[in-house]
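What follows is a single structure, written as structure tokens, with notes after it.
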Amino acid sequence: MKLFRPLILFVAGLLVLHTAVAQKRTPVRPGAVRGVEYAIDSILAGLTLQEKIGQLVQYSGGWSTGPTGEQIINQEQRSLIRSGGTGSLLNVTGAAATRELQRIAVEESRARIPLIFGLDVIHGFKTTFPIPLAEAASWDPAAVELSARISATEAASAGIHWTFAPMVDIARDPRWGRIAEGSGEDTYLGSVMAAARVRGCQGTRLDDPMSLVACVKHYAAYGAAEGGRDYNTVDMSEQTLRDVYLPPFKAALDAGAGTFMASFNEINGVASSGSRFLMTKVLREEWKFDGFVVSDWGSIGELIPHGFAADPGQAAERAINAGVDMDMEARAYRDSLASLVKQKRVSVATIDESVRRVLRIKFRLGLFSDPYRGTSVERENRMLRHPSHIAAARTIARSSIVLLKNENSLLPLSLKAGAIAVIGPLAQNKRDPVGTWPGPTDTNNVVTVLEGIQEAAAGSLIMYARGCGIDDADTTGFATAVNVARKADVVVMVMGESNEMSGEACCRSFIGLPGNQLDLVKAVQATGTPIVLVLMNGRPLAISWEAANLPAIVESWHLGHETGHAIADVLFGTYAPTGRLPVTFPRVTGQVPLYYNHKNTGRPFNDTSHYTSRYLDIPSTPLYPFGYGLTYTTFGYSDLVIDAATLHPADSLRVRVTVRNTGTRDGDEVVQVYVRDDVGTLTRPVRELKAFKRVHLAAGASATVALAIPVSDLAYTGADMKRRVEPGTFTVFVGSNAAADLAAHCEVVAK
Ligand code: NOJ
């Protein structure tokens, strides 16, 4: 039993100084890397095949909880860990439970290898931040990094080492419920946000006990599920995969991400969890990733219904040989790997390599130096919902809000607005604003919109009516809602989706307001009292009627605990909105997929010309384009200049533009630069976001804003699967959103 103790102590001493070495932000010392690898060699040499397989098996451990929510550890769990049957548990939380399970691993198992505890910490732990799609709408990587940092700090205090985040799937189809968990439709914005989330989560050192190791998911192209239906088939060209869907994964890796998660979908006939192309060729050989890949929940077993494996044995064989190192909950590795080795269908070298990758991450987390990472119930209690976390949740929530319409400056409302009617199924609702995948949150901590308004406008008369449900046909509340609207000077209607209408397995075939909510909006609108529509949702909504008939629309997504404060800050102008859409809003569901960086076609749409690529019954443009968002002032653009219009591949494209605050209030503008590669060997998108910068301008002030884009960022994947910048002309568009038409031209010439 005591076999490994001296070795582990020696290795711990050796490595305490070196565990952060492979983090990109810490200089790598080759000696330290070698130290880890020698240590792993020694551990591997002493492990039985069963113990090695145990390191590749992950179980869900949140079996049962006691009266105060504490996790109960049963005999089954104890003997599983004691026997070395698992290297990782997910869904166990709390310093007390994780310490006890870890104690069994490092004191009672023969190999004494620490467990790695994983959890979906997606947008907060005990302090709930906006859903990731909302955070992406901030177009503020520093805010997104802070949210990830705080979430990591709280989860790490509760004994977690590893989060299954960030989700970096590009989503061009808003019917897909998991669009809520990512950064939207754009590759560049998605890459910036992916890197920010990894930086926040992993901090500057992975062995900092307040850091978590990130798991970039879902590798790959999960967001391209046909018809926006979860788990569905993906069939796409390798160019599109490489140019649109893979870059956020690469950006996360470049920021130091330690682990990846395989996706549920198949791509071009190969299920991701069995894809050697993805897991080995691209990830390990091309990108030099040296961390480990975990399957998604049961996804190795799902190779069978995919028709990619006949039985669990073949599923395990295909997955491990493809390069999926850890089996989350399919039990395929547990049940089959030993006999696959015996049958020589899987080599011991393959198993050793996967175990090495898992142990490498455990070393980098410092688990061999302190398997408990300093957790204590006292520290956990001190860190969870720390006042500074709640304050940050409010600032991040308000920066995620996008103002879509504001006719005649209805907003901001005066704090002496007189009588305000607050109406709608999401107005006094503590459950749904936490959004999808809120983790172990307490929804009692949600500040509702009604509460936020009551607090901010204490001097006004505030009336409330629920009016209707989120997704039903009950109209019994309409009359009261219409009544309070009649008595009010302004109505704030809080409408949208429940938190269960987006996220995993929550796809919708119709993306308008659900149930009879639009009927209620129409009934209230008929009173003539002006309406501010506040939307809460996990995806873009098709709101053509609302956009045409209501004076003000505020997109608030699902904002987390500080919902009511953040929305009141915007409604009353304590904070002027700064958010911009990370995703296109279609006019109707039938228009999707609709995204700004599409190809032009041979017959680009022209709504006055019949034989063009369009629908007969709606305009071809979106309701609100990608990048769009208003604030309480306006901006004008002029004098777009490209510093040097002839560029070589090693240069940067330098753009300068004058931005003027043309309104009467100070405000923030997000200056966006889109580039079109005019003619390619392969056809190119009509434009692609390549840079953005936020500027704050006082009313009437102007500034010259300079942005630089490395010419290498204009590269794309050719028919030979090589990325290169092709010489030729490029058009540069600068402005407030993807429909910007201020343009200039440049040319890239060969060296
Ligand atoms: C399934 C989800 O697809 C994935 O995102 C998540 O991390 C795992 N379950 C674990 O909860």
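Some values worked out for this structure:
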| item | result |
| --- | --- |
| Per DSSP, loop chymotrypsin sites (Phe, Trp or Tyr not before Pro) in region 61-143 with at most 15 further Cβ within 10 Å | Trp63 |
| Charge dipole (debye, nearest 20) of region 125-174; +1 at Cβ of Lys and Arg, -1 at Cβ of Asp and Glu | 140 |
| Separation in nanometres of the label points that stand 7 Å from Cα toward Cβ, at Ser347 and Thr634 | 6.9 |
| Tilt relative to the chain, helix 5-15 - C-alpha long axis, 0 to 90 degrees, to 10 | 50 |
| Amide N proximity, region 264-288 versus Thr233 label position 7 Å along Cα-to-Cβ, cut-off under 19 Å | 264-275 |
| Among Tyr628, Pro649, Val106 - extreme Cα towards positive end, dipole of the chain, charges at beta-carbon | Val106 |
| Residues listed by number, region 77-94, amide nitrogen under 14 Å from Arg379 label point at 7 Å toward C-beta | 94 |
| Loop-located chymotrypsin sites (Phe, Trp or Tyr not before Pro) in region 497-578 whose Cβ has at most 14 other Cβ within 10 Å (DSSP) | Phe510 |
| In order through region 261-273: 3J(HN,Hα) via Karplus (6.51 cos²θ - 1.76 cosθ + 1.60), integer Hz, x for Gly, Pro | 10, 6, 8, 6, 6, 9, 10, 6, x, 10, 5, 3, 5 |
| Apportionment of accessible area to carbon and sulfur, region 465-588, percent (1.4 Å) | 49 |
| Cα-based convex hull volume of the chain per residue, rounded to whole Å³ | 166 |
| Cα-based helix-to-principal-axis angle, 30-45 vs the chain, degrees rounded to 10 | 60 |
| Chain lengthening between Trp545 and Arg276 when straightened (0.36 nm per residue, less Cα-Cα) | 92.1 nm |
| Distant-in-sequence amide H partners of Phe635 (H built 1.01 Å from N, under 5 Å) | Thr662 |
| Magnitude of the charge dipole, region 375-514, Cβ model with Lys/Arg +1 and Asp/Glu -1, debye to 20 | 440 |
| In degrees, nearest ten, helix 312-322 long axis to first principal axis of the chain (Cα) | 80 |
| Cα→Cβ-extended label distance, 7 Å offset, between Gln428 and Thr476, nm | 1.7 |
| Estimated Rh, region 78-228: Kirkwood, alpha-carbon pairs, angstrom | 16.2 |
| Portion, in percent, of the accessible area of region 104-227 that falls on carbon or sulfur, probe 1.4 Å | 53 |
| Å² of accessible area per residue within the chain, as computed with a 1.4 Å probe and no ligands counted | 35 |
| Förster-model FRET efficiency, 30 Å R0, Asp519 and Asp607, C-beta, rounded to 0.05 | 0.50 |
| Burial order of peptide ranges 734-740, 48-54, 462-468 (average beta-carbon count within 10 Å, highest first) | 462-468, 734-740, 48-54 |
| Rough spin-label spacing in nm, given labels placed 7 Å along Cα→Cβ, for Thr664 and Asp713 | 3.8 |
| Cβ crowding within 10 Å averaged over residues, with 245-253, 171-179 ranked highest first | 171-179, 245-253 |
| Rounded to the nearest 20 debye, dipole of region 449-519 from Cβ charges on Lys, Arg, Asp, Glu | 320 |
| Built amide H within the under 5 Å cut-off of Lys405, gap 5+ | Ile553 |
| Order by protection proxy (mean Cβ within 10 Å, highest first), peptides 377-387, 276-286 | 276-286, 377-387 |
| Reachable aspartates and glutamates from Lys751, criterion Cα separation under 17 angstrom, eight or more residues apart if same chain | Asp651, Asp713, Glu726 |
| Spherically averaged projected area in nm², based on the convex hull that wraps the Cα atoms of region 552-629 | 6.8 |
| FRET efficiency for Ser652 and Thr683, using Cβ-Cβ distance with R0 set to 25 Å, rounded to 0.05 | 0.45 |
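The values are calculated or read from the model by the stated rules, or taken from the named source; none is laboratory data. This structure is a prediction, so every number in the text was calculated from the model and none was measured. All Cβ positions, even for glycine, are placed from backbone atoms using ideal geometry, and neighbour counts span all protein chains on display. Keep in mind that these areas ignore ligands, DNA and RNA; they rest on the heavy atoms of the full protein, side chains included. Shrake-Rupley method; radii C 1.70, N 1.55, O 1.52, S 1.80 Å.
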